[in-house]
Amino acid sequence: MDLDGFFQPQSIAIIGASRREGSLGRMFFDALLKFNYTGKLLPVNPKAPEIAGVPCYPDIASLPEVPDLAVILVRKDLAVDAVDSCGKKGIKSIVMITAGFREVGGEGVEREKKLMEVVRHYQMKMIGPNCMGVINTDPQYRMNASFSPTEPYVGNVAFVSQSGALGVAVLEMCKALRLGFNIFVSEGNKANLTDSDFLEYLEQHEPTRVI
């Protein structure tokens, strides 16, 4: 399975990026900047002309190009529409950080069903929802598209975790042991991509030696 859009993107749209210090949208955006992501960042926020000096766009349709990856951090009631807009733009890889889906039961179950209808309609691939994101330490990409407070050392170990909290704990422990990673994935609800998809991809991923 080709998952290069998640791990080797040349451009990332951050839907719900924010200028407000301490907000999830700002923390996520700052993580990409701090890790020195080598590609193009395309923040989307209708109320911000720029974020940390990076030009911001009012909506997904206004993006000047079709990004390889879209990360969605908007409110749960806006999330499905955001994915639909990504589909109309031609975006094929989605990381859905937003929570409030199957994991909360009730309306969340129906919301996830609607989300998956949109994902299938546009033939997208999606990590999440309710996930922490992804990391690729390869110097060619240097992408921390996650909420992990720990920046892992470069290595040849790939780590896939359903639980974001467990993932962060492992990253912190391994950094203390000076054990490096190349790929980190927080799967969340696994509504679309699952363990087997990542194993299939990572088995063929040249820098990866341990999964």
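Quick notes
- Residue-level analysis places PHE184 among those that are assigned to a strand (DSSP E or B) and either at pLDDT 95 or above or not basic (Lys, Arg) (or both).
- Test: residue in segment 111-133 that is of a type in the set (Gly, Ala, Ser), closer than 23 Å to SER146 by Cβ and within 11 Å of the chain's Cα centre (by Cα): yes
- Residue tally, condition within 15 Å of GLY53 (Cα to Cα) and either over 11 Å from the mean Cα position of the chain (by Cα) or without any contact (Cβ under 8 Å) to a residue 12 or more places away in the chain (or both), over segment 1-24: 5
- Residue match in segment 170-193 (condition: β-branched (Val, Ile, Thr) and closer than 13 Å to THR150 by Cβ): yes
- Scanning segment 142-168 for residues that are touching a Leu at 6+ places or on another chain (Cβ under 8 Å), in contact (Cβ under 8 Å) with a residue 60 or more places away in the chain and not in a loop (DSSP other than H, G, I, E, B) returns MET143, ASN144, ALA145.
- Among the residues of segment 59-82, those that are outside any loop (DSSP other than H, G, I, E, B) and among the charged types (D, E, K, R) comprise LYS76, ASP77, ASP81.
- Residue count for segment 137-149 satisfying the condition of being surrounded by fewer than 24 Cβ atoms within 10 Å (Cβ to Cβ) and under 23 Å from HIS205 (Cα atoms): 7.
- Among the residues of segment 34-58, just one is part of a loop (DSSP other than H, G, I, E, B) and in contact with a helix residue (DSSP H, G or I) (Cβ under 7 Å, 6 or more places away or on another chain), namely ALA52.
- Here segment 36-52 is the region considered, the condition is being more than 15 Å from SER11 (Cα to Cα) and either among the aliphatic types (A, V, I, L, M) or surrounded by 15 or more Cβ atoms within 10 Å (Cβ to Cβ) (or both), and the residue that is nearest to the chain's Cα centre (by Cα) is ASN45.
- Looking across segment 83-101, the residues that are surrounded by fewer than 21 Cβ atoms within 10 Å (Cβ to Cβ) and either in contact with a strand residue (DSSP E or B) (Cβ under 9 Å, 6 or more places away or on another chain) or outside any loop (DSSP other than H, G, I, E, B) (or both) come down to ASP84, SER85, GLY87, LYS88, LYS89, LYS92.
- Residue in segment 122-141 that is assigned to a helix (DSSP H, G or I) and either in contact with a Gly (Cβ under 8 Å, 6 or more places away or on another chain) or at negative phi (or both) present: no
- Unique residue being more than 29 Å from ASN182 (Cβ to Cβ) and at pLDDT 95 or above when the list is LYS114, LYS92: LYS114
- Look at (1) free of Cβ contacts under 8 Å to residues at least 12 places away in the same chain; (2) touching a strand residue (DSSP E or B) at 6+ places or on another chain (Cβ under 8 Å); (3) of a type in the set (A, V, I, L, M) and you find that VAL109 fails only one, number (2).
The values are calculated or read from the model by the stated rules, or taken from the named source; none is laboratory data. Just so you know, these numbers come straight off a predicted model, no measurement behind them. So basically every Cβ, Gly included, is an ideal-geometry build from the backbone, and we count neighbours across all protein chains shown.
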